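Colleague: This is the structure I want to talk about, given as structure tokens.
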Amino acid sequence: MRIVLVQTWLWFASCLPLAVHPVYTSSDLTFDTSLVGVWVDKKTGATYDIGKGRERSYLVSVTTPDEAEGLFKVHLLSLAKKMYLDVFPANAGKSSDEIHRSLLYPMHTFLRLDSVASAVYLSPLSTVWLARNSGLPCVDTLPQPFAPFLLVTCSTSEQQAMLRSLADKEEAFGSQIVLVEPK
């Protein structure tokens, strides 16, 4: 079970840039009650139990089909008329659960929130596209054995400028993640 979970996390993390700093400031935050509830990843079967956290945040418990669990603090923000999620391990540095043990360092990651209705549609920023096209010195592909991880050391304002410039470039985003209501 642990090997499958680590492989799942490594696949997930390799699809998303890992950022040292959050992508939001308190003035960017918003809250959408339609995200709160239980959702299931249409592709992987993982369950996302999204609840209200403190101060315009969400607390998200993720359970994989093999019953591994992880807890994340998520913030919703608005930039350039698009919505994004900043995701951070909630129990960073003190968790005994398997998802967090697979992280070497707690990092932020972010996804574009495309819509919330009968399903939640999320688009991850493509690490391959970003590595080739960002032109930012604060975006770097980590060397082996950590490749293909992309590390973003940009400040919050630099990350926001990057996301604003990419907001309408669909080629900069990877395959959509679709969360549906459980049956």
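The values are calculated or read from the model by the stated rules, or taken from the named source; none is laboratory data. These numbers were taken from a predicted model, which means no experiment stands behind them. Glycine also receives a Cβ, built like all others from the backbone with ideal geometry; neighbour counts cover every protein chain displayed.
Colleague: Find the residue count for the range 77-114, including only residues that are part of a strand (DSSP E or B) and either modelled with pLDDT under 85 or touching a strand residue (DSSP E or B) at 6+ places or on another chain (Cβ under 9 Å) (or both).
Modeller: Residues of the range 77-114 part of a strand (DSSP E or B): 77-79, 82-89, 108-114.
Pick out the ones that are also either modelled with pLDDT under 85 or touching a strand residue (DSSP E or B) at 6+ places or on another chain (Cβ under 9 Å) (or both) and you get 77-78, 82-89, 108-114.
The total comes to 17.
Colleague: Would you tally the residues in the range 64-80 being surrounded by fewer than 16 Cβ atoms within 10 Å (Cβ to Cβ) and within 16 Å of the chain's Cα centre (by Cα)?
Modeller: Quick first cut of the range 64-80, residues surrounded by fewer than 16 Cβ atoms within 10 Å (Cβ to Cβ) only: 65-67, 78, 80.
Among the residues that remain, those that are also within 16 Å of the chain's Cα centre (by Cα) are: 78.
Adding up the residues that qualify gives 1.
Colleague: Mind checking which residues of the range 54-73 are small (G, A, S) and modelled with pLDDT of 95 or more? Let's see the steps before the verdict.
Modeller: Of the residues in the range 54-73, the ones small (G, A, S) are 57, 61, 68, 70.
Result: S57, single match.
To keep it simple, each residue is scored yes or no on (1) modelled with pLDDT of 85 or more; (2) closer than 22 Å to V180 by Cα.
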| site | (1), (2) |
| --- | --- |
| A13 | no, yes |
| P22 | yes, no |
| F31 | yes, yes |
| W39 | yes, yes |
| H75 | yes, yes |
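Colleague: Here's something else I'd like to know. Looking at the range 17-31, which of its residues are surrounded by 13 or more Cβ atoms within 10 Å (Cβ to Cβ) and outside any helix (DSSP H, G or I)? Even if it seems obvious, please write down each step before you answer.
Modeller: Of the residues in the range 17-31, the ones surrounded by 13 or more Cβ atoms within 10 Å (Cβ to Cβ) are 17-24, 28-29, 31.
Within the range 17-31, P17, L18, A19, V20, H21, P22, V23, Y24, L29, F31 qualify.
Colleague: Kindly indicate which of S57, S34 is touching a residue at least 12 places away in the same chain (Cβ under 8 Å) and crowded, with 16+ Cβ neighbours inside 10 Å.
Modeller: Values: S34 fails: crowded, with 16+ Cβ neighbours inside 10 Å.
Only one candidate passes the filter, namely S57.
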